[in-house]
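Sharing a structure, written as structure tokens. Questions coming.
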Amino acid sequence: MTPALSTQGISVHFGAFRAVDNVNLNVRPGARHALIGPNGAGKTALVHALTGSLSPTAGTIQVFGEEVSSRAEKDRVRRGLARTFQINQLFRGLSVLDNVVLAIMERDRKTAAFWRSVANDKRAHEAAREHLAFVNLTQHADREVRHLPYGSQRLLEIAIALATRPRILVLDEPAAGVPSGESHAIFERIHALPQDLTLLFIEHDMGLVFRFSDRISVLVAGQILIEGAPSEISSDERVKEIYLGRRAGHAA
Amino acid sequence: MTGASAAARSRLFGGRVGIEGATLVLFAGAIASYFLFPNHLALLTQFLVLMMFALSYDLLQGHGGIVSLGHAAFFGLGAYAAAILARTGYNDPLLGLAFAAVLSAVVALVLTPIIVRGNDFTRLLVTLGVASLVYEAANRMRGLTGGADGLPDFEIAPVLGLYKFDFEGRIAFIYAFMVFAMVYVFLWRVVTSPFGLALRGIRENTRRMPAIGSPVRRHLAVAYTLSGGIAGMAGAVLAQTSRFASLDMLGFERSAEIMMVATLGGSGHMAGVSFAALAFGWLKDVLSTASPKYWQLGLGIVLMLSVFVARGGIGGLLDHLRFRRSA
């Protein structure tokens, strides 16, 4: 089967520092694929390279078998590869609804029209409201984003990405900075996403990772240490030592 | 109309009643001024020109979040285009207006690749540099532009072949007002369009835009082209109604002035920016009459005060009025 997302020898070097080093990754269609690893392992750099906001030093990337390595970020989005950001990247001065409407209109390539009215586009507004309903933000639709509680902003991150109608969604720590009680609510929404939507997500909370993923890649110092099913990862001694062990030590 | 879209529009204009009410007052005031100040029509016409120019720049700074210190290049280009065309005998005002708009828009489009690159600071330098080059080029091409002496002595044919520009400036005012109204309505449509929403998206978060599939450079190119074209129209109206085009219409001072006006108006608030242009133009006139030598000092003080008194600019004040009334 053609992987939804696949890389060969992806490297991101900053001078002598190898943030991502020769990574081969295959994400099968419909996967709930987790990308874990200690801080500074290169997870976010890898996401940047995948989505095109950073040019990799070497390597190639395919989306459903199609070569996208030389494609710009916006063109990868149009091929179905969307992402969320670890640090909120929202349109803070716009209403919650407009944030999603904008993403929908960009996806539908309607934004060249300077002679039409946004308000008259009922279909875009209805679609936007559906996305907001999915992440439970309906009651906040008309609020300016800057006044939204942080947890709701994290959900809006996801709604905007969904509005681009992705086939693959890359979630960079979707619950970053959210209290553990609320992070569960965010993952519950991620869990409710359609099964045919391929997910690649970065997460630090191992409880959430083992609960919601069906595949895990462990990135250490820019390289994939091991990839496997959650049961394989949880029993791997190197992972315990390098990653889980250290986290457990932290918690203790 | 659902509450949602009303609120969305309220966000858009910074206050629904505010913007619509303010727009109404603006237009009523402009029409009334024609009857109230029949001896000052030339000055009022200049205010209309300044308002148009300010609105053209506000599309960039207020809506797109793109700064420029060289916007007068397009204004001056439009002025010279209309003046030069009129001197060659094609002196129909609407033809001159269209010619100026198209020429300025095309030049703006051609310049986009170097302007949309980089960040705010590099843009300030690049736009400043480009405008200086245009200025110097106009200065050198004496045969075409008259150099430092400017371009006087050309006639403008009657508007629509019917309304001759009169000595009191009545037709000039009405002509400028009509063009202003057209520009206002056109820009209103632009900022409430999907394209306008995308522009505000760029202003609010340039980084997120490509991640939702947005062609940011194309949006900026369109914004620059529209903005440049309208600035050119404003310049053309000034040249046609004053029958004069000169280097100062291209100059740095005019570029800086329009940035001040847009900021004073409350970026992205069309009525606010128009009132700011009016206030600025009027203040400049009053102060320069009162003290030909030190008027800039007075202007500077007022501008500084406005930063402390009205942070959201005049547009912000207008919204504040609305909120108090409805509370």
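With region B:87-204 as the region, which helices (runs of 4 or more DSSP H) entirely inside it contain at least 3 residues that are under 30 Å from A:Ser117 (Cβ atoms) and touching a residue at least 60 places away in the same chain (Cβ under 8 Å)?
So the answer is B:93-115, B:170-191, B:194-204.
It is to be established whether one or more residues within region B:139-154 are small (Gly, Ala, Ser) and either buried (at least 20 other Cβ atoms within 10 Å of the Cβ) or in contact with a Phe, Trp or Tyr (Cβ under 8 Å, 6 or more places away or on another chain) (or both).
yes
Follow-up question, since we're still on this one. Looking at region A:73-82, which of its residues are at the interface with chain B (Cβ under 7 Å from one of its Cβ atoms) and of a type in the set (D, E, K, R)?
Hits for region A:73-82 are A:Glu73, A:Lys74, A:Arg78.
Here are A:Val239, A:Val135: which of them is more than 16 Å from the chain's Cα centre (by Cα), among the hydrophobic types (A, V, I, L, M, F, W, C) and crowded, with 21+ Cβ neighbours inside 10 Å?
Only one candidate passes the filter, namely A:Val239.
Another question, if that's okay. Looking at (1) touching a His at 6+ places or on another chain (Cβ under 9 Å); (2) buried (at least 18 other Cβ atoms within 10 Å of the Cβ), find the lone condition where A:Ala58 falls short.
The number of the failed condition is (2).
Here is a further query. May I ask you to list the residues in region A:139-162 that are at the interface with chain B (Cβ under 10 Å from one of its Cβ atoms), at pLDDT below 95 and farther than 15 Å from B:Glu204 by Cβ?
A:Ala141, A:Asp142
Can you name every residue in region A:101-115 that is over 17 Å from A:Thr138 (Cα atoms) and more than 7 Å from chain B (Cβ to nearest Cβ)?
Scanning region A:101-115 gives A:Asp108, A:Arg109.
Hey, any hits in region B:38-49 for a residue that's more than 30 Å from B:Tyr224 (Cβ to Cβ), modelled with pLDDT under 90 and out of contact with any helix residue (DSSP H, G or I) (no Cβ under 9 Å at 6 or more places or on another chain)?
yes
Give the residue that is farthest from B:Arg208 (Cα to Cα), with candidates limited to residues of region A:39-70 that are more than 12 Å from the chain's Cα centre (by Cα) and within 11 Å of another protein chain (Cβ to nearest Cβ).
Among those residues, the one meeting the criterion is A:Gly52.
Also, quick follow-up: Please tell me if A:His48 is of a type outside the set (Asp, Glu) and assigned to a strand (DSSP E or B).
Judged against the criteria, A:His48 is not a match.
Would you mind stating whether A:Asp121 is modelled with pLDDT of 95 or more, within 8 Å of another protein chain (Cβ to nearest Cβ), within 25 Å of B:Arg218 (Cα to Cα) and crowded, with 17+ Cβ neighbours inside 10 Å?
no
What do you reckon, is A:Ala4 more than 16 Å from the chain's Cα centre (by Cα) and of a type in the set (A, V, I, L, M)?
no
Continuing with this model, one more query. Out of the residues in region A:83-100 that are more than 7 Å from chain B (Cβ to nearest Cβ) and not aromatic (Phe, Trp, Tyr), which is farthest from A:Gln8 (Cα to Cα)?
A:Val96
Return a yes/no flag: does region A:165-176 have any residue that is over 17 Å from the mean Cα position of the chain (by Cα), of a type in the set (A, V, I, L, M, F, W, C) and within 14 Å of another protein chain (Cβ to nearest Cβ).
No: region A:165-176 contains no residue that is over 17 Å from the mean Cα position of the chain (by Cα), of a type in the set (A, V, I, L, M, F, W, C) and within 14 Å of another protein chain (Cβ to nearest Cβ).
When only residues in region A:213-229 that are crowded, with 18+ Cβ neighbours inside 10 Å and of a type outside the set (Val, Ile, Thr) count, which is farthest from A:Leu46 (Cα to Cα)?
Checking each candidate, the answer is A:Ser213.
Let me ask something else about it. Every residue in region A:73-85 that is part of a loop (DSSP other than H, G, I, E, B) and out of contact with any helix residue (DSSP H, G or I) (no Cβ under 7 Å at 6 or more places or on another chain), please.
Once the filter is applied, which keeps residues that are part of a loop (DSSP other than H, G, I, E, B) and out of contact with any helix residue (DSSP H, G or I) (no Cβ under 7 Å at 6 or more places or on another chain), region A:73-85 yields A:Arg79, A:Gly80.
While we're here: Could you say whether any residue in region A:125-138 is facing chain B (nearest Cβ under 10 Å) and within 17 Å of B:Ser193 (Cα to Cα)?
yes
Could you tell me whether region A:86-101 includes any residue that is surrounded by 16 or more Cβ atoms within 10 Å (Cβ to Cβ), basic (Lys, Arg) and not in a helix (DSSP H, G or I)?
No, there is no match, as no residue in region A:86-101 is surrounded by 16 or more Cβ atoms within 10 Å (Cβ to Cβ), basic (Lys, Arg) and not in a helix (DSSP H, G or I).
Related question: Would you check if there is a residue in region B:152-162 being small (Gly, Ala, Ser) and within 14 Å of chain A (Cβ to nearest Cβ)?
no
The values are calculated or read from the model by the stated rules, or taken from the named source; none is laboratory data. Keep in mind it's a predicted model, so treat the numbers as computed, not measured. No Cβ is skipped: glycine too gets one built from the backbone with ideal geometry, and neighbour counts run over all protein chains shown.
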